[in-house]
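Report on the following structure.
Since every read-out is calculated from the coordinates, none of them should be taken as a lab result. Since the structure is predicted, the reported quantities are computational estimates derived from the model, not experimental observations. Reconstructed Cβ throughout: ideal geometry from the backbone, glycine too, with neighbour counts over all protein chains shown.
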Amino acid sequence: MRGAGVPYRLTVLGTGYLGATHAACMAELGFEVLGLDVDPDKIARLQRGESPIWEPGLETLLRKHVGSGRLRFTTSYEEAAAFGDVHFVCVGTPQKQGEFAADVSFLDQVVDSLAPHLDRGCLVVGKSTVPVGTAQRLAARLRELAGDHVELAWNPEFLREGFAVDDTLHPDRIVLGVTSPKAEMILREVYAPLGDVPIVVTDFPTAELVKSAANAFLATKISFINAMAEVCEATQADVKLLSKALSYDERIGGRFLNPGLGFGGGCLPKDIRAFMARADELGADQALSFLREVDAINMRRRARMVDLARDMVGGSFRNRVVGVLGAAFKPNSDDIRDSPALDVAVKIGQEGGAVTVYDPVALDNARKTQPTLGYAQSALDACRDADVVLLLTEWQEFVDLSPHALGEVVAVRNIVDGRNALDAPTWREAGWIYRALGRPQ
Ligand code: UDX
C-alpha cells in the first residue's frame, strides 16, 4: 500500500450523484482515481468526460481530469482491486419497494464483487447512507472474503445536489468512522488537501447515525415551518413573515425554514423512512415516531397544493388547462426522484386537468417517468391558455418571469406559488390572482 509521501490511488465504486462527484473532486485534489460502475453506458459517457447528471461544475471537472489522465473509469472489479489503495463505496441505498426500510443490496454486491480480488493491504470506505449497523456487518463480510489485510471505514457524505462539487471540495465537516488508528491516518491524509476542515472521529454506529440524524433534523425543520403554514392558513396569517421573524433568532436560524411544497429528492424522504424502520428493528421506535408526523406534514403540503389549484379553477380540473413550472425536486438539479412538483402535476392530471410541464433541465427525466403529462420547451409555452399557473420548483428563471409577459399567454391570470418564491404585490399589481401556501389570500 502506498502512503508516507507516495499518494494513494483511489477508486470510487458506483458513479451516481455521489460517486461521479466524488471521483471528479478527488481527481481535482490531485489523486489518481478509477471510477467503477456496473452500467457500461454510464461508464462510456464518463470516459468521454460527460456527466451522467446535470450538476453545476461537474462536467468541467470530469473533462479536465479525464483529459489529464488522472481520472479513468471501468466496469471491472478486478481492475479496481488491482489499482486502488483506498476504495470509496458510493452506491445508492434506495427505499425498498412497499416498505420504509433501505435496500442495501447494492452495497452487498460491491463488497462481494470487490473483496475476492483484494490481494494486498487496502482500505474500503463506505460513503453511502445506511441503516445503523450496516458497517459492522460489512466489515465482517469483508474480513471473511478478503482477510485481515483489508479494513473498512465509514465516512458519510453530506453533499447537496446542485452544490455537489462545492460541498465536496469545501465540506462543513468530515466524519470518520474507524476501528483503527491506521484507517484514521489514511483518511486524514486523503482529505488533507481540503485544508482546515473540522474532522470528527467516531466509531461505526455513530458515523452512520450522524448522516441519518442530519437528514432527520433538516426534514424536521422544513416540516416544522410547513406545519406553521397550515396554522397560518387557518388564521389568515402569513408564514413567510413568520419564518422571517423566526430566522433572526440565532438559535433557530433561517436556513431550511422556507415554507412551501416541502421536501423531496433521493435523500430526505427515503432517509427519514429508513431511519424509522431501523429504529423499529432496534426497539427504539418511540424515539423516532415524530418523524412519521414530519413525513405526513410533508405529504399534506402536496395535497394542499392540489386543493388550492382546484379551488382557483372553480372546483374541478375537468376541461381546465394547468401550466406547471418545475419538475425537478429542487432548483439547480435534474433529479426528479420523489419530486413534489411532479407529484402534484401527476395528481392534477389524474383528476382530469390538461397539464403541461416546463423545467429548465429536468424535462427528459420527467418525460421518461411520467410520459402521460404534457411537456413544453419554455415557461410561456407551458402556460399558454392556462386557467391556472403553478410554480412548483423555484428556479431563478421562474422567479425572474415577467407577470406581464406571462399574463399575455394565459387564459386566466391565476397563479399558485408553491415555493413562496415570487413577490406577491408585483404579481397582484399586474392583475394576477396570486395565492401561496401558508399565506393570506
Ligand atoms: C439533502 C441534504 O441537504 C444533504 O446534506 C444530504 O447529503 C442529502 O440530502 P438534497 O437532497 O440535495 O440534500 O436537497 P436539499 O437541498 O437538502 O433539499 C431537500 C428538499 O427540501 C428539496 O425538495 C427542497 O426544495 C426542500 N426544502 C429545502 C424546502 O422545502 N424548504 C427549505 O427551506 C429547504
- Message: Using 0.36 nm times the number of residues separating Leu145 and Ser316, minus their current alpha carbon distance, what extension gain do you get?
- Response: 55.5 nm
- Message: Once you order the gyration tensor axes a ≥ b ≥ c over the Cα atoms, which shape class does the chain get: rounded for a/c under 1.5, otherwise prolate or oblate by comparing a/b with b/c?
- Response: prolate
- Message: Below 9 angstrom from the Cβ of Leu159, what's the summed charge of the other residues (Lys, Arg +1; Asp, Glu -1)?
- Response: -3
- region 217-436: projected area of the alpha-carbon convex hull, averaged over directions, in nm²: 12.7 nm²
- Message: Antiparallel versus total DSSP beta bridges in the chain: what percent is that, nearest 5?
- Response: 5 percent
- Query: Between Glu397 and Thr202, how many nm apart are label points set 7 Å from Cα along the C-beta direction?
  - Reply: 3.9 nm
- Note on the structure: Within the chain, excluding any GluC sites (Glu not before Pro) found in a DSSP loop (not H, G, I, E or B) and having at most 16 other Cβ atoms within 10 Å, the longest uninterrupted segment runs 100-249
- Kyte-Doolittle mean at least -0.5, axial Cα span of 27 Å or more - DSSP H helices of the chain: 204-235, 289-312
- Query: DSSP loop trypsin sites (Lys or Arg not before Pro) in region 291-363 with at most 11 other Cβ atoms within 10 Å of their Cβ, which ones?
  - Reply: Arg318
- Please work out how many pairs of lysine residues in the chain are eight or more positions apart (or on different chains) and have Cα atoms closer than 22 angstrom. 25
- Just report the Cα centroid separation between region 126-181 and region 286-326, whole Å. 36 Å
- Note on the structure: The long-range amide H neighbours of Gly35, using H built 1.01 Å from N in the peptide plane and a cut-off of under 5 Å, are Val12, Arg72, Phe73, Thr74
- Got the relative contact order for region 217-436 handy, in percent, Cα pairs under 8 Å and 6 or more residues apart? 18 percent
- Message: Under a crude label model (7 Å from the Cα following the beta-carbon direction), how far is Thr426 from Phe163 in nanometres?
- Response: 2.3 nm
- Item | Selection from Asn215, Met305, Leu392, by position along the positive dipole direction of the chain (Cβ) | Met305
- Note on the structure: Non-local residues with an amide H under 5 Å from the amide H of Val201, with H modelled 1.01 Å from N and Pro and chain starts lacking one, are Leu176
- Query: Where a ≥ b ≥ c are the square roots of the eigenvalues of the C-alpha gyration tensor, would you call region 9-202 rounded, which needs a/c under 1.5, or, failing that, prolate if a/b is larger than b/c, or oblate?
  - Reply: rounded
- Query: So which chymotrypsin sites (Phe, Trp or Tyr not before Pro) in region 257-299 end up in coil per DSSP with only 16 or fewer other C-beta atoms within 10 Å?
  - Reply: none
